[in-house]
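> Below are the structure tokens for one structure; questions will follow.
The values are calculated or read from the model by the stated rules, or taken from the named source; none is laboratory data. Here the structure is a predicted model, which is why all the values come from computation and not from measurement. Note that we place each Cβ from the backbone using ideal geometry, even for glycine, and neighbour counts take in every protein chain shown.
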Amino acid sequence: MLVSFLRNVAKLGWFTVIIATLGPMALIILTLIFFDSGRYLVMIMAGLDREPRAEDLANQAVLTLGFVSLYAAPLLAIGYIGLILRRLIGRSTDQV
């Protein structure tokens, strides 16, 4: 829904839509991994009285998303900064 809203209503390009949707998700996942909250989040979703097992797919999914986010976050940040600079440069040329 967010992608279709940004594409159709806000009239943003694909690159901007990708940065706007994946950037916040990557930051949230990195924050969960950084504070080791992913393990607690999985424990809460599975039930607090259950002992976590090594073969839990949920832990593997959180770790996999964390590694993907770790490598994607710098690229998304560079894209975000590029979009900001492009918008600022566009404004300064419009004012002249």
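> Check 57, 27, 41, 48 and return the single one that is modelled with pLDDT of 80 or more and either within 21 Å of residue 2 (Cα to Cα) or not aromatic (Phe, Trp, Tyr) (or both).
Only one candidate qualifies: 27.
> I'm trying to understand the selection: among the residues of the range 12-27, which are farther than 14 Å from residue 82 by Cα and in a helix (DSSP H, G or I)?
14, 21, 22, 24, 25, 26, 27
> Name the pairs: first residue in the range 65-91 and more than 20 Å from residue 14 (Cβ to Cβ), second residue surrounded by 12 or more Cβ atoms within 10 Å (Cβ to Cβ), Cβ to Cβ under 6 Å, at least 6 apart or on different chains?
If the second residue must be surrounded by 12 or more Cβ atoms within 10 Å (Cβ to Cβ), the pairs left are 65/29; 66/29; 66/33; 69/26; 69/29; 69/30.
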